[in-house]
Amino acid sequence: SQKIEQNSEALNIQEGKTATLTCNYTNYSPAYLQWYRQDPGRGPVFLLLIRENEKEKRKERLKVTFDTTLKQSLFHITASQPADSATYLCALENQAGTALIFGKGTTLSVSS
Amino acid sequence: GAGVSQSPSNKVTEKGKDVELRCDPISGHTALYWYRQSLGQGLEFLIYFQGNSAPDKSGLPSDRFSAERTGGSVSTLTIQRTQQEDSAVYLCASRDDRGNSPLHFGNGTRLTVT
């Protein structure tokens with residue numbers, strides 16, 4: 001079955017630095033991968049989607065890469081701010097195409 | 001427009017009681033999902049609805065768990081004879097039919113079984 005791993009449970013960085021979060025997957029070749037943000041007490045909120053034929057996707061200060069050879073996606077937040085502090089989840093569709101499977105998430109803390 | 005709405009937001013129940021959790025998806029979204037999130041754990045898929053049918057209910061942890069959807073809209077997740085290990089946040093999400101479309105989540109129901 002598919003497996004998704006987000007390497008770091010927690011990441012602490014200084015304001016203004018770039019945060020880089022990693023998502024690795026096994027046993028599957030997904031057509032796309034999604035990233036979500038989750039704040040305490042709230043449901044996840046969609047941020048970005050990247051398709052298998054896209055190497056990179058950007059949205060404002062966010063950048064996502066997708067390496068289908070390494071089976072890895074990197075999520076970058078540039079010029080990070082304390083308001084970026086949250087848990088970030090990567091997700092990909094299961095082989096049956098019936099659900100998104102999520103990683104456990106990386107909790108980012110940006111200190112001023 | 002309105003997002004996904006879940007009720008109640010919090011539910012405390014005694015072990016052995018039955019509970020019903022409700023989800024109102026975004027209007028027009030045909031796909032609906034239930035997930036469970038335990039403390040320190042990731043999102044665990046429970047069940048997927050397309051319209052009123054459930055093509056994938058493989059994530060339901062036991063036969064104490066069931067779900068239904070009526071009118072292609074509201075869904076109810078029922079847990080019978082609750083156990084302490086059922087304590088978690090139950091999240092509902094919906095999405096439209098377009099391929100690759102993102103999930104829109106509600107804020108969940110926090111269930112505590114005492």
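The values are calculated or read from the model by the stated rules, or taken from the named source; none is laboratory data. All of these numbers come straight from a predicted model, not from anything done at the bench. All Cβ positions, glycine included, derive from the backbone under ideal geometry; neighbour counts span all protein chains shown.
Of all residues being over 30 Å from residue B:32 (Cα atoms) and part of a strand (DSSP E or B) in the range A:95-112, which is nearest to the other protein chains (Cβ to nearest Cβ)? Just the residue, please. Even if it seems obvious, please write down each step before you answer.
Of all residues in the range A:95-112, those over 30 Å from residue B:32 (Cα atoms) come to A:109-112.
Filter again for part of a strand (DSSP E or B), leaving A:109-111.
Details: A:109: 16, A:110: 21, A:111: 22 Å.
Here the residue is A:109.
Which one is surrounded by the most Cβ atoms within 10 Å (Cβ to Cβ) among residues in the range B:98-113 that are facing chain A (nearest Cβ under 7 Å) and either aliphatic (A, V, I, L, M) or under 16 Å from residue B:22 (Cβ atoms) (or both)? Steps first, answer last, please.
Of the residues in the range B:98-113, the ones facing chain A (nearest Cβ under 7 Å) are B:100, B:102-103, B:105-108.
Add one more test, that the residue is either aliphatic (A, V, I, L, M) or under 16 Å from residue B:22 (Cβ atoms) (or both), and what stays is B:103, B:105-108.
On the way: B:103: 26, B:105: 24, B:106: 23, B:107: 17, B:108: 24.
Here the residue is B:103.
Can you tell me which of B:47, B:79 is under 14 Å from residue A:94 (Cβ atoms) and among the β-branched types (Val, Ile, Thr)? If you could, list the steps in order and put the result at the bottom.
Details: B:79 fails: under 14 Å from residue A:94 (Cβ atoms).
Selected residue: B:47, the only one of B:47, B:79 that is under 14 Å from residue A:94 (Cβ atoms) and among the β-branched types (Val, Ile, Thr).
What residue, among those in the range B:56-84 that are assigned to a loop (DSSP other than H, G, I, E, B) and of a type in the set (Gly, Ala, Ser), is nearest to the chain's Cα centre (by Cα)?
Here is the first cut: in the range B:56-84, the residues assigned to a loop (DSSP other than H, G, I, E, B) are B:57-64, B:70-74, B:80-83.
Next cut, of a type in the set (Gly, Ala, Ser) only: B:58-59, B:62, B:71-73.
On the way: B:58: 14, B:59: 11, B:62: 15, B:71: 17, B:72: 15, B:73: 13 Å.
Restricting to residues being assigned to a loop (DSSP other than H, G, I, E, B) and of a type in the set (Gly, Ala, Ser), the top hit is B:59.
Looking only at the range B:4-47, which residues are of a type in the set (A, V, I, L, M), under 23 Å from residue A:46 (Cα atoms) and within 15 Å of the chain's Cα centre (by Cα)? Reasoning before the result, please.
To start, the set of residues in the range B:4-47 that are of a type in the set (A, V, I, L, M) comprises B:4, B:12, B:19, B:21, B:26, B:31-32, B:39, B:43, B:46-47.
After this cut, where a residue has to be under 23 Å from residue A:46 (Cα atoms) as well, the list is B:4, B:26, B:31-32, B:39, B:43, B:46-47.
Correct list: B:4, B:26, B:31, B:32, B:43, B:46, B:47.
Look through B:66, B:94, B:58 and report the one residue that is more than 23 Å from residue A:2 (Cβ to Cβ) and either touching a Ser or Thr at 6+ places or on another chain (Cβ under 9 Å) or within 8 Å of chain A (Cβ to nearest Cβ) (or both).
Numbers: B:94 fails: more than 23 Å from residue A:2 (Cβ to Cβ); B:58 fails: more than 23 Å from residue A:2 (Cβ to Cβ).
So the residue among B:66, B:94, B:58 that is more than 23 Å from residue A:2 (Cβ to Cβ) and either touching a Ser or Thr at 6+ places or on another chain (Cβ under 9 Å) or within 8 Å of chain A (Cβ to nearest Cβ) (or both) is B:66.
Any idea which residue in the range A:61-108 is nearest to residue B:43 (Cα to Cα), counting only those that are small (Gly, Ala, Ser) and surrounded by 14 or more Cβ atoms within 10 Å (Cβ to Cβ)?
Residues of the range A:61-108 small (Gly, Ala, Ser): A:73, A:79-80, A:83, A:85-86, A:91, A:96-97, A:99, A:103, A:105.
Narrowing the set further to residues that are surrounded by 14 or more Cβ atoms within 10 Å (Cβ to Cβ) leaves A:73, A:80, A:85-86, A:91, A:99, A:103, A:105.
Values: A:73: 19, A:80: 26, A:85: 19, A:86: 15, A:91: 10, A:99: 12, A:103: 7, A:105: 9 Å.
The selected residue is A:103.
Of B:15, B:11, which residue is part of a loop (DSSP other than H, G, I, E, B), more than 14 Å from every other protein chain (Cβ to nearest Cβ), over 27 Å from residue A:32 (Cα atoms) and of a type outside the set (Asp, Glu)?
Values: B:11 fails: part of a loop (DSSP other than H, G, I, E, B).
Exactly one of B:15, B:11 is part of a loop (DSSP other than H, G, I, E, B), more than 14 Å from every other protein chain (Cβ to nearest Cβ), over 27 Å from residue A:32 (Cα atoms) and of a type outside the set (Asp, Glu), namely B:15.
Please go through the range A:15-34 and give me each residue that is part of a strand (DSSP E or B), among the aliphatic types (A, V, I, L, M) and closer than 19 Å to residue A:97 by Cβ, ordered by number. Give the steps one after another, and end with the answer.
Filtering the range A:15-34 down to residues part of a strand (DSSP E or B) leaves A:19-26, A:32-34.
Keeping just the survivors that are among the aliphatic types (A, V, I, L, M) gives A:19, A:21, A:33.
Within the range A:15-34, just A:33 meets the criteria.
Anything in the range A:35-94 that is of a type in the set (Asp, Glu), modelled with pLDDT under 95 and part of a strand (DSSP E or B)? List them, or say none. Outline the logic, then answer.
Keep residues of the range A:35-94 that are of a type in the set (Asp, Glu), which gives A:39, A:52, A:54, A:56, A:60, A:67, A:84, A:93.
Okay, now just the ones that are also modelled with pLDDT under 95, so A:52, A:54, A:67, A:93.
Within the range A:35-94, A:67, A:93 meet the criteria.
Quick check on my filter: what residues within the range A:25-63 are in contact with a Cys (Cβ under 9 Å, 6 or more places away or on another chain) and more than 9 Å from chain B (Cβ to nearest Cβ)?
Across the range A:25-63, the qualifying residues are A:25, A:33, A:35.
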